[in-house]
Amino acid sequence: MPIDAPEIIYVDEDTESVGCDGGGGALGHPLVYYTFGSSRSVTCGYCDREFVRGTPPADGAPIEIHQTTDR
């Protein structure tokens with residue numbers, strides 16, 4: 001059975017932190033907050049959602065995310 005890719009959520013370029021509850025209501029996870037710092041993206045440690053500062057790429061354009069270990 002194939003595994004779905006984690007959801008990528010784009011936020012405003014000026015966003016400093018994001019909160020994630022898994023988005024599944026009762027099936028989600030505890031609300032956690034992540035700070036971007038100098039990173040362009042952060043990943044939720046519970047559900048692997050990727051939060052990216054900036055606008056989504058045009059259709060067909062590759063997505064470049066440079067992962068850091070800051071959480």
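Of the conditions (1) within 11 Å of the chain's Cα centre (by Cα); (2) surrounded by fewer than 12 Cβ atoms within 10 Å (Cβ to Cβ); (3) at pLDDT below 95, I3 clears all except one; give me its number.
Failing condition for I3: (1).
Just give me the residues in the range 50-71 being modelled with pLDDT of 95 or more and part of a loop (DSSP other than H, G, I, E, B), in sequence order.
Matches in the range 50-71: none.
Conditions tested, residue by residue: (1) of a type in the set (A, V, I, L, M); (2) touching a Cys at 6+ places or on another chain (Cβ under 6 Å).
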| residue | (1), (2) |
| --- | --- |
| V11 | yes, no |
| S17 | no, no |
| R40 | no, no |
| C44 | no, yes |
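Filter the range 13-33 down to the residues that are assigned to a loop (DSSP other than H, G, I, E, B), in contact with a strand residue (DSSP E or B) (Cβ under 7 Å, 6 or more places away or on another chain) and touching a residue at least 24 places away in the same chain (Cβ under 8 Å) and list them by number.
Of everything in the range 13-33, those that are assigned to a loop (DSSP other than H, G, I, E, B), in contact with a strand residue (DSSP E or B) (Cβ under 7 Å, 6 or more places away or on another chain) and touching a residue at least 24 places away in the same chain (Cβ under 8 Å) turn out to be E13, T15.
The values are calculated or read from the model by the stated rules, or taken from the named source; none is laboratory data. What you are looking at is a predicted structure, and each value in this text was computed from that prediction instead of being measured. Cβ: placed from backbone, ideal geometry, glycine included. Neighbour counts: every protein chain shown.
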